[in-house]
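Take a look at the structure set out below.
No value in this document is a laboratory result; all are computed from the given coordinates. Please read all numbers here as calculations on a predicted model, not as lab measurements. Note that we place each Cβ from the backbone using ideal geometry, even for glycine, and neighbour counts take in every protein chain shown.
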Amino acid sequence: MFLGFTTTNRWRHGRRWWTQFTPKAPLFSVNFGTSVVHLMKRWRILLPDGSHGPYPKPRALEIHEIPQVVEQYRQAALNAVRAGFDGIEIHGAHGYLIDQFLKDGINDRTDEYGGSVENRCKFLIQIVQAVVGAIGADRVGVRISPAIDHMDAIDSDPLILGLAVIERLNKLQQNCGSKLTYLHVTQPRYAAYGQAEAGKPGSDEEEAVFMRTLRKAYHGTFIASGGFTRELGMQAVASGDADLVSYGRLFISNPDLVLRFKLNAPLTKYNRKTFYTQDPVVGYTDYPFLNKSNGKVEPLSRL
């Protein structure tokens, strides 16, 4: 029997959104500025008809609106638990709204949510506190990516940022007397769209030191993600650099990834072009399972 813990990912897109879904301008950590110009020049958004278009001009999230956003996270967490999920993961990574507050390459606010690293962490911590208060710390995971510049979400000192977030999560856990389910960190090796992206690119050793430093600082279960193979994942856990390792793209194309890892079976290569299509089957449920027959591992389609 497989016993698992199922969470649902909760996040706000921030400037990574389209006005067809939100009639008003997408919410952002700051008003239109240099960072937005770079985003609009470099990136395109996938539209409902399958075409790509420029990101629309966002607007800053006003201070008086922040409590409403925090409440939306809290209510979403309650809804998820009522729907049968064991918990939720607060997505504070990969250039989405929370990450846009965390990164000093984007956040140039002059109020209590900008400037110092302490201020930039405030939005995330308020959300975590609200969600923990609603469903309990043991049902809440947090994801961050301090070293990743995906969607131009850059920070001048990813290590300091990561440690600042961890310090506040540790304090939150101490104050509530219960640990979060986990902290989920994307390491610098992460790559998107076939292109490596790291705010602080370095050698494999330097990236390992970065993740190891965060892992030692956090008082709880630490999940690492980003470009892991079966072997690298086993190595990370065996060396104590992570308690768990997460896989995304490999799971998309290998619905029985755990079994394949156990058997050291060949993996099905994913097709990146079908990651975000609207087809309910292609790229979602058409990847094959394995069939163990007479000691051999053979593909077995679920369709």
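Residues in the range 54-71 that are touching a residue at least 24 places away in the same chain (Cβ under 8 Å) and either within 26 Å of VAL282 (Cα to Cα) or surrounded by 13 or more Cβ atoms within 10 Å (Cβ to Cβ) (or both): TYR55, PRO56, LYS57, PRO58, ARG59, ALA60, LEU61, ILE66, VAL69, VAL70, GLU71. For the range 87-96, filtering for residues that are assigned to a loop (DSSP other than H, G, I, E, B) and touching a helix residue (DSSP H, G or I) at 6+ places or on another chain (Cβ under 7 Å) leaves 3. Here is a check on your reading of the model: is ILE98 over 20 Å from GLN187 (Cβ atoms) and of a type in the set (A, V, I, L, M, F, W, C)? No. For the range 70-77, the criterion of being closer than 26 Å to VAL245 by Cβ and in contact with a Gly (Cβ under 6 Å, 6 or more places away or on another chain) is met by no residue.
On the stretch given as the range 97-149, residues that are part of a loop (DSSP other than H, G, I, E, B), of a type in the set (Asp, Glu) and touching a Gly at 6+ places or on another chain (Cβ under 9 Å) total 3. Here ALA137, ALA130, ALA147 are screened, and the one residue that is in contact (Cβ under 8 Å) with a residue 60 or more places away in the chain, hydrophobic (A, V, I, L, M, F, W, C) and farther than 23 Å from GLU65 by Cβ is ALA147.
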